[in-house]
Structures are given as structure tokens and as C-alpha cells.
1. I need the full set of residues from region 247-264 which are touching a residue at least 24 places away in the same chain (Cβ under 8 Å), more than 8 Å from the ligand (Cβ to nearest atom) and farther than 15 Å from residue 108 by Cβ, in order please.
2. Being part of a loop (DSSP other than H, G, I, E, B), within 16 Å of the ligand (Cβ to nearest atom) and surrounded by 22 or more Cβ atoms within 10 Å (Cβ to Cβ) is the filter here, so list the residues in region 185-225 that pass it.
3. Filter region 94-122 down to the residues that are part of a loop (DSSP other than H, G, I, E, B) and in contact with a strand residue (DSSP E or B) (Cβ under 9 Å, 6 or more places away or on another chain) and list them by number.
4. Does residue 76 satisfy the criteria of being under 30 Å from residue 1 (Cβ atoms) and under 22 Å from the mean Cα position of the chain (by Cα)?
5. Looking only at region 25-38, decide whether some residue is farther than 22 Å from residue 137 by Cβ, in contact (Cβ under 8 Å) with a residue 24 or more places away in the chain and assigned to a loop (DSSP other than H, G, I, E, B).
6. Determine which member of the set 159, 163 is within 9 Å of the ligand (Cβ to nearest atom), outside the structural domain of residue 255 (by TED's automatic domain parsing) and either more than 20 Å from residue 117 (Cβ to Cβ) or part of a loop (DSSP other than H, G, I, E, B) (or both).
7. Can you name the residue in region 145-155 that is farther than 15 Å from residue 171 by Cβ and in contact with a helix residue (DSSP H, G or I) (Cβ under 9 Å, 6 or more places away or on another chain) and, of all such residues, is farthest from the ligand (Cβ to nearest atom)?
8. May I ask you to list the residues in region 128-144 that are in contact with a strand residue (DSSP E or B) (Cβ under 9 Å, 6 or more places away or on another chain), more than 8 Å from the ligand (Cβ to nearest atom) and part of a loop (DSSP other than H, G, I, E, B)?
Ligand code: NAP
């Protein structure tokens, strides 16, 4: 029950009505008996600056940031953690004594999701498709552990820029355009394929960013798209005997890391996962 003492967190974005984060976090607060509430906040791009000032004025404990504000919010924050600054995107804000600090929990959330699925990226060749916000977050975490990292993107210049930013940060990475030829060339000896594009996301469920015939059984195929739970890419992966990893683990883990930043408590990840699965499978 919300009371006068309830601590407020939330998520800002647009659109926001399909976000699973309110269910996931509120289920966790309830489970642990924490007097917190997590609310969805639709914020237009032109209102972002005022929204951030409002969050401070309302003494929110913090908030998540989603499309389209992950990059533009940086300039309105008091502090941005160094990796989030290199990534160039923030998905979590924490109010520390009236000062707003930005973090990015997507990359670590993805790394934890792979490890939870029994996949160790250490020393592996990784191919990441996409060079948007999620790709930047993931590659900045994976580049430090894998042996080889290639990024392919529809807009080639963005893949090249991301690879160059990774190199400036001391990592090794290669960027190129996303075509059947580059996919074919790279996939032959890839260990882990990660889709960070929105291709295959509801309502476009009958699309895959990689044709089935280019996949092979020795691959781990990690699709960070979590709605639908089994994307067409993951269906192809299962058909060829590759190991599929869905996007729910990343969603839960990035949320769990944010949860701990706001509450100081270890997040009940199983409770959060169940809330997400219930929602995705229409069990609520
Ligand atoms: P973003 O910054 O807008 O990036 C979108 C990426 O998808 C870009 O690389 C874009 O390529 C590519 N793309 C879009 N349509 C394409 C198409 N038709 N063919 C080929 N490439 C296409 O978005 P984001 O924040 O990185 O999010 C990407 C996806 O990840 C979304 O589906 C989001 O829901 C999901 N996500 C999941 C989690 C999780 O916790 N599981 C967390 C964050 C994001 P161009 O550069 O050429 O436009």
C-alpha cells in the first residue's frame, strides 16, 4: 500500500505503456516488504529537462531511462559513471542527496544473463548485430572478456564508430556493415552471436536479422529481444541445434542491478523473473 512515507522510483520513456519494469520492480518491493513504488512516466523529448528537474524536486529515489531518452539524458545529470559515459547512454539514475547520478546496467545485465545460461564469454569470438544503445552497453562489457569482437550494423558507419570507441577505451573490436556476405564471413568461426537490433520484436515476429542457413550448431545465439519470448532468430537457432538464450535474463538482471542501487537490498531475481514471465505469457 502506498503511504506518505513511500519512496518513489520509476521509468521515463515514450512510449512507456508496454514496459514490464513496473510489474517486475513492484513485485520485488512487495516480496521484500519494502515501502517503495515504481511508476511508469511518459515523457516527451521536449520535456526531458523539466522531467529530470521534477524527479529531483519530487525527491524520487531514482528512475530507469528508456527509449528515446537514454542518450539525451546525460546532459541533464549531475554525474555520470565512467563506463556509462563511454557507452554514451544511461538506463539508471540514482538520487544521491539531491544529486542525480547516471549509470548503465544493461551491459552487466547481459553478461550475467549469459553466465546464468551457462555460457562463459571468456576467450570466445563474439559477433554482435546492431550498434544502437543496447549494443554499445553490451560491447563495452564483453570486450573486456572475449577474445575477438565483431559488430555488424545496417548503418555501417555506426558499427565502425562503435569499434573505434571501443579501441579508444583500450579494447579490440572490428565494425562492418550488416549484409549476408559479412554475416557469412563472420559466423563461420563465431562462438556467440548476439542480436541487439529490434528485428523480430513484436509485432514484427516473423523477421530474423540472420537467415537460418547461416547459423550452425556450435553457436550460442543470444537475442536480447524478449517479446516474443522465442523470436524467429531463436527458433532458427533451436532448429539447427545451436544454444538459444532469450532476452528475459538480461531484462531481469539489469533491473536487479538498478534495484540494488536504489534500495541497497539484493533483488529477488526469481520473483522479478516470474513477474516478467507471467506478463509475457499472459498469466496475469
Ligand atoms: P536503438 O538504439 O534504437 O538501436 C536499434 C538497432 O537496431 C540499431 O543498430 C539499428 O540499426 C537496428 N535496426 C533497427 N531496425 C533494423 C532493421 N530493419 N534491420 C537491421 N537493423 C535494424 O535501440 P536499443 O535501445 O539498442 O534496443 C534494441 C533492442 O534491444 C530493442 O528491441 C529493445 O527492446 C531491446 N533491449 C532489450 C533489453 C533487455 O533487457 N533484454 C535491454 C535493452 C534493449 P541502424 O543503426 O542501421 O538504424
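1. 262, 263
2. 196, 197, 200, 209, 210, 224, 225
3. 104, 105, 117, 118, 119, 121
4. Criteria not met by residue 76.
5. Scanning region 25-38, I find at least one residue that is farther than 22 Å from residue 137 by Cβ, in contact (Cβ under 8 Å) with a residue 24 or more places away in the chain and assigned to a loop (DSSP other than H, G, I, E, B), so the answer is yes.
6. Just one listed residue meets the conditions, 159.
7. In the first step, residues of region 145-155 are kept if they are farther than 15 Å from residue 171 by Cβ; the result is 152-155.
When the remaining residues are screened for being in contact with a helix residue (DSSP H, G or I) (Cβ under 9 Å, 6 or more places away or on another chain), the result is 152-153.
Values: 152: 9, 153: 5 Å.
Looking at the filtered set, the residue picked out is 152.
8. Result: 143, single match.
The values are calculated or read from the model by the stated rules, or taken from the named source; none is laboratory data. The shown structure was predicted, so the numbers you read here are calculated from the model rather than taken from an experiment. Because the Cβ atoms are built from the backbone with ideal geometry, glycine has one as well, and the counts that use them run over all protein chains shown.
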